1. Test residue 73 against the stated conditions and say whether it is surrounded by 17 or more Cβ atoms within 10 Å (Cβ to Cβ), touching a strand residue (DSSP E or B) at 6+ places or on another chain (Cβ under 8 Å), in contact (Cβ under 8 Å) with a residue 40 or more places away in the chain and farther than 24 Å from residue 153 by Cβ.
2. Checking the condition polar (S, T, N, Q) and touching a strand residue (DSSP E or B) at 6+ places or on another chain (Cβ under 8 Å), which residue from 293, 255, 210, 225 passes?
3. Among the numbered criteria (1) open to solvent by less than 10 Å² (accessible area, probe 1.4 Å); (2) over 30 Å from residue 290 (Cβ atoms); (3) outside any loop (DSSP other than H, G, I, E, B), which single criterion is violated by residue 374?
4. If residue 65 passes every condition in (1) within 24 Å of the chain's Cα centre (by Cα); (2) part of a loop (DSSP other than H, G, I, E, B); (3) closer than 23 Å to residue 204 by Cα but one, which one does it miss?
5. Which pairs turn up if I take residues in the range 8-35 that are more than 15 Å from residue 75 (Cβ to Cβ) and look for partners that are open to solvent by 30 Å² or more (accessible area, probe 1.4 Å) and assigned to a helix (DSSP H, G or I) with beta carbon separation below 7 Å, at least 6 apart in sequence or on another chain?
6. Would you be able to tell me the number of residues in the range 11-44 that are open to solvent by 10 Å² or more (accessible area, probe 1.4 Å), small (Gly, Ala, Ser) and at pLDDT 90 or above?
7. How many of the residues making up the range 311-341 are outside any helix (DSSP H, G or I), in contact with an Asp or Glu (Cβ under 6 Å, 6 or more places away or on another chain) and either modelled with pLDDT of 95 or more or under 16 Å from residue 378 (Cα atoms) (or both)?
8. If a residue must be closer than 25 Å to residue 117 by Cβ and either over 22 Å from the mean Cα position of the chain (by Cα) or open to solvent by 20 Å² or more (accessible area, probe 1.4 Å) (or both), how many such residues does the range 164-183 contain?
Amino acid sequence: MCGIVAFLGADDAVPYLVGGLKRLEYRGYDSAGVALMTGVGAAASFEIVKRVGKVANLEAAMPAPNGAPRPTLGIAHTRWATHGPPNDENAHPHVSRNGRIAVVHNGVIENFAALRESLLSKGYALVSQTDTELFAHLLEDVQTKEKLPLDAAVRLALTQVQGAFGIAVLSLDEPEVLIAARRGSPLMMGIRDAQTPGGQAAYFIASDASAVVEHTRHVIYFQDSEMVVIRPGGYEIMTLDNVQLTRSVEQLELSLAQIQKGAYKHFMLKEILEQPEALRNTMRGRIRLGGASPPEIRFGGLEPLMERLASARRLVFCACGTSWHAALVGEYLIEQLAGVNVEVEYASEFRYRNPILARTDGCEDIVVVISQSGETADTLAAAQFARKKGILAIGICNVVGSSIARETDAGIYLHAGPEIGVASTKAFTAQITCLAMLALKLGRYRGAISEEQFEEHVTALLSLPAKMAEIFAQSDKIYEMSRVYRYAHNFLYLGRGYNFPVALEGALKLKEISYIHAEGCAARPRSRVGAVCAENCALSARACWRPRWQVRGRRDEARADCADRSLHARRRDRAHFRRNVREASLEHPSARACASRRVLAATWRSLTPRSAAPRRARARLLCRRCSRAAARLLRSPRATTTTSTPSAST
């Protein structure tokens, strides 16, 4: 979740660095910092500012202009703590022992412990708990020992590093040089030429395109084990083995308007409401329906491989998180509509074992990796693992030019638009739409479904955006529902068939956004979900506050029931409740005047009857202090604090 921004040009570097960090805030972070190259030649020095918390804290701490020449070279970073807690000492950038090298780093150095012991034995003192500081010291050690220039020292030092990294490096010995390298962590370079309106020639390094799109549309994406050396007059790209490379400059498809909130309160809401348009973009140009020609679905990147896909022994989907849930839905769709065997694997597990994959002609396994960003480390490693074994690897991702798009043999772009919110929304529905189209195409290609069935399914698929828009038009009703269940401490999502992965995704979203405990469960017949249900637990299949509920459907649907809690448990909870009532009465001496005890009792009863709404409406008529007491009780219905009180207050 960390972010890197670096700048080299003729303009003041501070606005570009701080502005780029603000564009990366959506990725999540706990601290931020910058290192600026000030002075020239032998008078060069670093000006380093680091602050825990928001980028705004860093911006406020930046020194004001004092008439001196402004720095034109710098590196910046937002950190998500892995080694050591969030504080100013652990924030990036980190400097070497002699203070002449500054480094920012994304990723995790896996041989951290071994490098630490080696450097400590050589007399290096560590001022932070991070793995990044180790690399700064390692770079100094290599450069001092081998008497190498900065670029050669970086290459040699990185050969001793195990794990994923994206780095940017500055050195006082070469105050006009910026070096960046990557392995397993995304990194790109933006190029702005002298003819660009509003600015002079400049180079940008960033871990995400959103940090540079405001300033340039011309970018170069680096691949694993590649490094760039940037000077005011140009740049050189090479491998870590010092093999010179030539990379073509690509046009960035992202626009500034796409990564701004606009009139929406936050990105999460914006991207939820963008789902109808995202689905239209996913299907646009790929579905042909109507006219004299028969209905058809076309994927430009997969057309040469359709014969292999249709005759494959097995499709192995590899993904993580939300994409894994989409893959589970795709498994149901492809097996039902196309009759192709599908297995879904967690990419993080797939890469660390030795899966049996067939590659015989006419009886081969095909690996399909799914990722919104196209940079998910475990999913990317799964694709690379499959290709090393000679297995056809297909990628489904949203970001054009991402690592997965480059590392796979063929693929499908979602075209859902940039997803700024950390919790995936429109990418999930776009992935399912894409997998549904793939299932229909395979089913028609294999003859598993008729032309009439194919046309019926395609027509239904095309109607989805309008139906989603109808649901979003009822946002006021959805908001009212959230007010009913806002005090629930636990949620259970039940689903069967296609809805089981959706239940898993719903639970994940609730945990990600609200930090409320939630679980997704398969709604198998006579499922004893009640064994883990508490009083303050809501069930999404038929959400209610009753301690007993049933999910009913047709005979062939799953039925799950929640048994009543035992009499002993109910008595125990009521005893806890009485103690809470006594405590609230003591805190509020005038409780009797506004029926505080009756309010709290009504609040308790609202957990069990069929409808809680009337009692909640009555509670809203009470005084503010009593309402707060009732809300506090709901938030902590099992508080065990006891207080000795007079009998009158009970």
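1. Answer is no for this residue.
2. That would be 225, the only listed residue that is polar (S, T, N, Q) and touching a strand residue (DSSP E or B) at 6+ places or on another chain (Cβ under 8 Å).
3. Among (1) open to solvent by less than 10 Å² (accessible area, probe 1.4 Å); (2) over 30 Å from residue 290 (Cβ atoms); (3) outside any loop (DSSP other than H, G, I, E, B), residue 374 violates only (3).
4. It is condition (1) that residue 65 fails.
5. 26/267
6. The total comes to 1.
7. Total satisfying the criteria: 3.
8. Of the residues in the range 164-183, 4 are closer than 25 Å to residue 117 by Cβ and either over 22 Å from the mean Cα position of the chain (by Cα) or open to solvent by 20 Å² or more (accessible area, probe 1.4 Å) (or both).
The values are calculated or read from the model by the stated rules, or taken from the named source; none is laboratory data. As the structure is a computational prediction, the values presented were derived from the model and not from experiment. Virtual Cβ from ideal backbone geometry, glycine too; neighbours counted across all protein chains shown. When the accessible area is computed, the model is the full protein with side chains, heavy atoms only, and any ligands, DNA or RNA have been set aside. Shrake-Rupley method; radii C 1.70, N 1.55, O 1.52, S 1.80 Å.
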